[in-house]
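The values are calculated or read from the model by the stated rules, or taken from the named source; none is laboratory data. Note that the coordinates shown come from a computational prediction; the quantities given were computed from them, not determined experimentally. For neighbour counting, all protein chains shown are included, and Cβ atoms are generated from backbone atoms with ideal geometry for every residue, glycine included.
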Amino acid sequence: MTPRTQRRLANGFVLVMLLLVGPTSIVLADDMRGDEDPAWMVSLGFHTGAYTQGIDGQTTSTESAFDSGTGDSFISTTVGFETQVHTPLRLDDAVTKPRVVLTGGFHYPLADGLIAERIGESFNRTETGELNPAFVANCPDEVPAIGGGFVRSETCSLRVRNRVSIDAMWYVGLGVDLTLPFFDDQFHILPSISYYGMSVQSVGEFERTTTGDATADDLVETANVVGDPELWHGISPAVTFLVDVYEDGPYRWSMFVNGRWVFFLDDPDLESGTRFGTNALTFTSTMDDNAPQITTGFQVLFKGFGGSGRR
């Protein structure tokens, strides 16, 4: 390896560390960047990242009057893939040689059923010697007796989880690959605009445990429900920063970091419901109508359909 190549490798390593916090860089040789005719080029990339979206929930019951609880923002690690198709449409006279790119990808969130509302309450029949109104509003008056019949209930506890589950996210769009005119043209910025789709559903869990005296059996009531998947649609502007790190024959390896913001066009509300006995439960949740997302990963680009494949 010549001293010149060693210097370029070192420079590339430092620059990529600053840009992507980690990947190394192998700077492309000068003779790999000639003024050839553009070709159709196809790439496949794999990425991991984070997705966050604010959520809020409300659970109602025909037999309970519990207070609203708190929830979490939907924050999940994601994994997925992206494909890009570089078209021959390129403006060679411009400094950044903008080139039209078709993009599409898929995200799978690793977090499952994040909580829009959580409720955990316990009630005693009497408080300071008097009948507790909250117990009356939330708990059965009787529980089964061990020998048969019923006895008066004394305590009960409630556990409610109102969850939101995002099953998958995907996008398809149009962008422009801008080549930065330094460091052997190995750095790129790719702004894009995409259609963004998401499959999401409501999940509800309810548990009530009521106890009596020593002659009573505990009364445990549970209900679980999963709502029908709903498809939400949105628009997503994004920008990707790429650095070409290695080239061998018709293939080019790149590292990238991508940031996007999703604006949903649907009313982002969910609902599911169930009942046991005479108790009807409804789990509703609302998600923010916009959400940020960031990913980082690598891609392999094939340079060869109908030309020599200059990026």
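The residue of the range 25-69 that is modelled with the highest pLDDT, among those that are more than 18 Å from the chain's Cα centre (by Cα) and acidic (Asp, Glu), is Glu63.
Exactly one residue out of Val239, Val226 is farther than 22 Å from Ile55 by Cα and among the β-branched types (Val, Ile, Thr): that is Val239.
Selection within the range 235-249: residues that are surrounded by fewer than 20 Cβ atoms within 10 Å (Cβ to Cβ) and modelled with pLDDT of 95 or more. The member of this set that is farthest from Gly173 (Cα to Cα) is Phe241. Starting from residues that are touching a residue at least 40 places away in the same chain (Cβ under 8 Å) and part of a loop (DSSP other than H, G, I, E, B), keep the ones in the range 74-101 and report whichever is farthest from Val160 (Cα to Cα). The selected residue is Asp92. Scan the range 259-293 residue by residue and report those that are within 30 Å of Thr48 (Cα to Cα) and aromatic (Phe, Trp, Tyr). Across the range 259-293, the qualifying residues are Trp261, Phe263, Phe264. Taken together, the residues in the range 151-175 that are crowded, with 17+ Cβ neighbours inside 10 Å and either farther than 30 Å from Ser61 by Cα or acidic (Asp, Glu) (or both) amount to 5. Within the range 272-285, the set of residues being more than 15 Å from Ser165 (Cβ to Cβ) and assigned to a strand (DSSP E or B) comprises Gly273, Thr274, Arg275, Phe276, Asn279, Ala280, Leu281, Thr282. Residues in the range 180-215 that are crowded, with 20+ Cβ neighbours inside 10 Å and over 26 Å from the mean Cα position of the chain (by Cα) were compared, and the one that is nearest to Asp269 (Cα to Cα) is Arg208. Taking residues in the range 107-120 that are on the phi > 0 side of the Ramachandran plot and hydrophobic (A, V, I, L, M, F, W, C), and partners anywhere that are at pLDDT below 85 and in a loop (DSSP other than H, G, I, E, B), not one pair has Cβ atoms closer than 8 Å while being at least 6 places apart or on different chains.
Would you check which residues across the range 115-171 are among the β-branched types (Val, Ile, Thr) and assigned to a loop (DSSP other than H, G, I, E, B) and list them? The answer is Thr128, Ile146.
Here the condition is being free of Cβ contacts under 8 Å to residues at least 24 places away in the same chain and among the hydrophobic types (A, V, I, L, M, F, W, C); of Phe206, Phe182, Phe241, it holds for Phe182 alone. Only one entry of Pro229, Pro268 meets the criterion of being closer than 26 Å to Asp72 by Cα, crowded, with 18+ Cβ neighbours inside 10 Å and either under 16 Å from the mean Cα position of the chain (by Cα) or of a type outside the set (Phe, Trp, Tyr) (or both), and that entry is Pro268.
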